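Structure first, then comments.
The values are calculated or read from the model by the stated rules, or taken from the named source; none is laboratory data. The shown structure was predicted, so the numbers you read here are calculated from the model rather than taken from an experiment. Neighbour counts are summed over all protein chains in view; Cβ atoms, including those assigned to glycine, are modelled from backbone coordinates with ideal geometry. Surface accessibility is based on the protein's heavy atoms, side chains included, excluding ligands, DNA and RNA. Shrake-Rupley method; radii C 1.70, N 1.55, O 1.52, S 1.80 Å.
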Amino acid sequence: MITLVAGARPNFVKIAPIIRELQKRGVPFRWIHTGQHLGNNMDPWHELEMPEPDLLSNVSGGSHARQTAGVMQLVEIDLQQHRPDWLVVVGDVNSTLGAALAAVKLGVKIAHVEAGYRSYDWTMPEEANRCLVDRMSDLLLCPDSHAEFLVYDEGRTRPVLVGNVMMDSLRWALARLEDRANNIKVVSDVDIAYSGKPYAVLTVHRPANVDTGTDWDRVYGMVERATSLPIVWPIHPRVSKDWRMPANVQRVDPLGYLNMVALLRDSVLVITDSGGVYEEALYLGKEIVSLRDPNHFERGHLTSVPEIWKSDAAPRIVDALLH
Ligand code: UD1
């Protein structure tokens with residue numbers, strides 16, 4: 001039996017293809033939704049056609065310690081009750097760390113999907129999360145050979161190169177969007193994209209960019225210089241509504257996953273501080289302006305799509321778990 005954990009928005013995109021593969025092979029599993037992100041298009045598991053979560057909580061908001069501790073308590077009880085062969089955690093969010101901490105204390109084996117990403121910037125909560133989770137893991141599932149190299153001596157077993165499961169979801173979504181009904185939903189949400197003119201997409205949510213007015217002024221300048229095209233900006237809930245933006249920026253509420261993929265697919269430029277959106281834009285062949293310091297950007301080494309991303313990672317992940 002395999003237990004998977006998802007909490008923050010990108011986690012769902014990463015575990016959906018793994019769950020689909022487990023279902024296909026008839027492998028028993030359960031999945032826990034920690035509720036770090038809830039509602040408002042922030043937890044798109046329905047849209048990703050995932051089954052109902054076996055356990056759903058609400059650890060949203062509060063301090064990092066409170067959030068992480070909430071996840072630990074929740075996951076500990078579930079692991080004690082079900083004693084899975086593996087706990088599968090993905091990415092670098094607080095839910096990933098909390099779940100891994102609960103498992104390591106109970107002697108439940110941990111598989112980390114997206115092992116080996118490093119920014120070496122310890123002011124980022126994600127860097128602490130990913131380094132600690134890799135150190136605790138029994139199976140390090142790496143998205144590319146650079147990550148595999150970096151993490152070689154860190155975990156308790158050797159890393160396995162599996163590719164990027166986010167690209168499995170991206171291909172899945174692009175195929176879904178071929179269905180005209182989904183496209184209609186997209187254009188009704190976003191005026192600029194509807195007009196058929198070239199546009200850019202902006203996403204920004206990193207604490208180092210959005211938490212103070214000084215940081216925001218820097219972001220403002222970068223966005224202003226990036227393009228004079230219309231820019232669609234789906235706002236992340238942690239970003240203050242008071243922050244100013246250049247006049248060519250149109251603010252929209254957080255988009256669902258399929259809408260976001262369609263918005264990226266049809267754009268000409270992507271301006272982002274998100275590692276995941278950077279990878280999606282790279283895969284879609286978009287021009288990219290990164291709002292992160294390139295020296296501290298864990299995907300900064302990527303200028304082209306690694307060959308292994310072009311085929312599905314989920315079958316390789318499940319092979320490694322069943323091996
Ligand atoms: C988290 C992850 C980050 C990831 C991002 C994706 C950590 C440390 N960070 O950052 O790596 O890139 O998710 O979105 O885990 N909020 C809501 N509703 C929601 C979600 C968030 O209102 O559904 C608000 C709350 O005020 C919350 C704040 O946003 O306190 C920040 O949310 P939090 O989960 O702490 O971290 P994110 O910034 O979303």
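Taking the conditions exactly as written (touching a strand residue (DSSP E or B) at 6+ places or on another chain (Cβ under 6 Å), open to solvent by less than 30 Å² (accessible area, probe 1.4 Å), in a loop (DSSP other than H, G, I, E, B) and within 16 Å of the ligand (Cβ to nearest atom)), does Leu255 satisfy them or not?
It is true that Leu255 is touching a strand residue (DSSP E or B) at 6+ places or on another chain (Cβ under 6 Å), open to solvent by less than 30 Å² (accessible area, probe 1.4 Å), in a loop (DSSP other than H, G, I, E, B) and within 16 Å of the ligand (Cβ to nearest atom).
Taking Leu141, is it among the aliphatic types (A, V, I, L, M), more than 17 Å from the chain's Cα centre (by Cα) and more than 22 Å from Gln81 (Cβ to Cβ)?
In short, no.
For a quick check of your reading of the model, give me the residue pairs whose first member lies in region 275-293 and is open to solvent by 40 Å² or more (accessible area, probe 1.4 Å), whose second is among the aromatic types (Phe, Trp, Tyr) and more than 16 Å from the ligand (Cβ to nearest atom), with beta-carbon atoms closer than 7 Å and at least 6 apart or on different chains.
Short answer, once both residue conditions are applied: Tyr283/Trp309.
In this structure, is Pro237 surrounded by fewer than 19 Cβ atoms within 10 Å (Cβ to Cβ) and under 18 Å from Asn41 (Cβ atoms)?
Against the criterion (surrounded by fewer than 19 Cβ atoms within 10 Å (Cβ to Cβ) and under 18 Å from Asn41 (Cβ atoms)), Pro237 qualifies.
Sort through Glu287, Glu307, Glu280 and tell me the only one that's on the phi < 0 side of the Ramachandran plot and in contact with a strand residue (DSSP E or B) (Cβ under 6 Å, 6 or more places away or on another chain).
Testing whether each residue is on the phi < 0 side of the Ramachandran plot and in contact with a strand residue (DSSP E or B) (Cβ under 6 Å, 6 or more places away or on another chain) leaves just Glu287.
Scanning for something in contact (Cβ under 8 Å) with a residue 60 or more places away in the chain, open to solvent by 20 Å² or more (accessible area, probe 1.4 Å), in contact with a helix residue (DSSP H, G or I) (Cβ under 7 Å, 6 or more places away or on another chain) and among the aromatic types (Phe, Trp, Tyr), does region 112-132 turn up at least one residue?
yes
Which pairs have Cβ atoms under 7 Å, sit 6 or more apart or on different chains, and link a residue in region 158-174 that is without any contact (Cβ under 8 Å) to a residue 24 or more places away in the chain to one that is buried (at least 23 other Cβ atoms within 10 Å of the Cβ)?
none
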